[in-house]
Amino acid sequence: MFESMSNNLSDPQFFVYVVRNPDGKLYIGQTDNLSRRALQHNDPAHTLTRTTKRFRGPWILVHSERLDSRSAALAREKALKSGRGRAWLNLQLGC
């Protein structure tokens, strides 16, 4: 379910992703390993995901986008966290 979109290790890949909990709370982030990051959000022992630990899970991946660079992923994450980005997510995902 959370597999990378490319198996070519020389091809850099970065992702912007959105996870949602059963209460409808969204978390928007970016990573270079979507599978690992999704598991971390649901792992109670992993302490670097404090935002998603404050709200009940499980957190389910509802959207992801593959980008070619970390800077592009950070820019897209910032855009999705804006008012327009959240409105776009609402239209696309019904979130």
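The values are calculated or read from the model by the stated rules, or taken from the named source; none is laboratory data. Treat the numbers as computed from the prediction; the structure is a model and nothing was measured. Positions of Cβ are generated from backbone atoms using ideal geometry, with glycine treated the same way; all protein chains shown enter the neighbour counts.
If you go through the range 1-35, how many residues are part of a loop (DSSP other than H, G, I, E, B) and at pLDDT 90 or above?
Count: 8.
Provide a single number: the residues in the range 48-95 that are closer than 22 Å to Pro22 by Cα, loosely packed, with under 11 Cβ neighbours inside 10 Å and among the basic types (Lys, Arg).
The number of residues fulfilling the criteria is 2.
Does Ala38 meet the test of being out of contact with any Asp or Glu (no Cβ under 7 Å at 6 or more places or on another chain) and in a helix (DSSP H, G or I)?
So Ala38 fits the description; yes.
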